[in-house]
Amino acid sequence: MNTYLQFDSISKSFPGVRALDRVSLSVSEGSVHALIGENGAGKSTLLKILSGAYRPDEGRILLGGQPHVFSTTSAAITAGVAVIYQELHLAPNLSVAENVFLGRLHQRGGWLNKRKLFEATRREMEALGEDIDPNANVGRLSIAQRQMVEIAKALARSAKVVAFDEPTSSLSARETERLFRVIQDLKQRGRVILYISHRLEEIYRICDSATVLRDGRHVETFPALDGVSADAIINSMVGRSITDVYRYQSRPHGSPALEVDGLEGRGLTSPVSFTVAQGEIVGFFGLVGAGRSELMKLIYGAVRARAGYVKVLGQRVAIGHPSRGIRAGIVLCPEDRKKEGIIPNRSVQENINIGSRRHLSWLGFVISERKERANAECFVARLAVKTPSLRQHIQLLSGGNQQKVILARWLGEGMKVILLDEPTRGIDVGAKSEIYSIIYDLARQGIGVVVVSSELPEVLGICDRVNVMRQGKLVAELDRASATAETVLKSALPIAG
């Protein structure tokens, strides 16, 4: 295969940070190349230089042997580069067709030629094997459909290089399979594919080769992934083996911290009952739509239950509103931290102190700035939150550090039960290890911990017991010894017929 894309000694610095340090790598036509590394390794910065969003301080990009330094995103698009980010860049109030050909709308005599526009869009969609109405409003499409619109937009602009940044983070298993088929088709058509993902199983499944970045530097390139172990890749990423990531620690369990009895509500098709002991970590596994997140919201009180009850330390609690759950000692770190867990345009300090302000006020209504700052400093140090300052907007932190801030918010609440819904989604291996350490520490303090995760190795790696949900029902409760990948998956999969 012929090399088409080359990064040649790319460097980029921001105030106080060397984001990329003379990074070089190459990708061939008709291949899928993974960019792997922890958050902060430089992957996103490299993509932004490729897309023209950033200009490198040093180095150049070669496309087909021709050197380029893109000063604008439009220059990169003109050169045949498309970057499909995790946060899709579409106009939600426009139609599919208008998004696909945005900036290049088919016009006749100054008037929009809708027939020609829709026909061209339908051809692009058919080439992807998609049946999406060109006239449909993009804002009403699913995330997977919007992603296909982004890909169609890239191909309509004759993109030779297509880069994907965490493309499956919000997709179901079926939608992920469809995306993989599209990527394989792009590969067969000779496109150059860059693929960023924290999920190693995806890297092995879809990629031909991989480059590992660490702290802005090129660490290692694997020209072929056949025969390369996950341990070897993780060692390159973080300098330690996969067995050191989970570091499971057994600990004594006390009396029940949480008792759920006959709980019914939205998302559940059968009453759910289970217990979590003090100091115990109980995992919940299931496929998309199994009802795990809905169950957590019912327990916390974000959604009102139709029947059943919840006890904390043997005392029945009146759930039905988050404030009641919090007062009872139940806290929730939600699945979608960006929409439900953080206030993105507020500072780290404000996000930590949201739940603690009643403890930090004077005479019950005046907020003490000094106490807020001291409280935030304490938890930033305790959880090793990486932030330039307490006043940094939380949306500018990595996913792992955002998750730590959400955890810090609850540590001052005197919690007795913590519900962690997808606590490491979109987080790199190193940050996952830090989150696991926090979870173990909470359990050692006698807190009952519930971990909802779509990553089976994570559930098996850190939990004392595993509960499996399927189609709104709790279908299996397995202790650590019997919770193997085979038994858990067999319980989670829908029964044919």
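The values are calculated or read from the model by the stated rules, or taken from the named source; none is laboratory data. Fair warning: this is a prediction, and the values are worked out from it, not measured in the lab. As a convention, Cβ positions derive from the backbone with ideal geometry for all residues, glycine included, and neighbour counts pool all protein chains shown. Only protein heavy atoms, including side chains, enter the accessible area calculation; ligands, DNA and RNA are left aside. Shrake-Rupley method; radii C 1.70, N 1.55, O 1.52, S 1.80 Å.
Just a few scattered comments:
- The residue list Ile342, Ile319 contains one member that is surrounded by 18 or more Cβ atoms within 10 Å (Cβ to Cβ), more than 26 Å from Arg391 (Cα to Cα) and of a type in the set (Val, Ile, Thr), which is Ile319.
- Checked against the criterion of being more than 23 Å from the chain's Cα centre (by Cα) and either open to solvent by 70 Å² or more (accessible area, probe 1.4 Å) or under 30 Å from Val475 (Cβ atoms) (or both), the candidates Val276, Val282, Val228, Val219 yield just one match: Val276.
- One residue from Ser209, Ser255 being open to solvent by 10 Å² or more (accessible area, probe 1.4 Å), in contact with a His (Cβ under 6 Å, 6 or more places away or on another chain) and hydroxyl-bearing (Ser, Thr, Tyr): Ser209
- If the condition is being open to solvent by less than 20 Å² (accessible area, probe 1.4 Å) and either outside any helix (DSSP H, G or I) or under 22 Å from Ala328 (Cβ atoms) (or both), then the stretch 426-437 contributes Ile427, Asp428.
- Unmet requirement for Gly308, which otherwise passes all of (1) assigned to a loop (DSSP other than H, G, I, E, B); (2) open to solvent by less than 60 Å² (accessible area, probe 1.4 Å): (1)
- Test: residue in the stretch 296-309 that is in contact with an Asp or Glu (Cβ under 7 Å, 6 or more places away or on another chain), modelled with pLDDT under 85, within 15 Å of Val451 (Cα to Cα) and not hydroxyl-bearing (Ser, Thr, Tyr): no
- Number of residues in the stretch 375-393 that are in contact with a strand residue (DSSP E or B) (Cβ under 7 Å, 6 or more places away or on another chain) and open to solvent by less than 20 Å² (accessible area, probe 1.4 Å) equals 0.
- Test result for Glu413, touching a Ser or Thr at 6+ places or on another chain (Cβ under 9 Å), among the charged types (D, E, K, R) and farther than 29 Å from Arg327 by Cα: no
- Near pairs, Cβ below 7 angstrom, 6+ apart or cross-chain, from the stretch 335-349 (within 24 Å of Arg373 (Cβ to Cβ) and among the basic types (Lys, Arg)) to any residue that is open to solvent by 70 Å² or more (accessible area, probe 1.4 Å) and at pLDDT 80 or above: Arg346/His393
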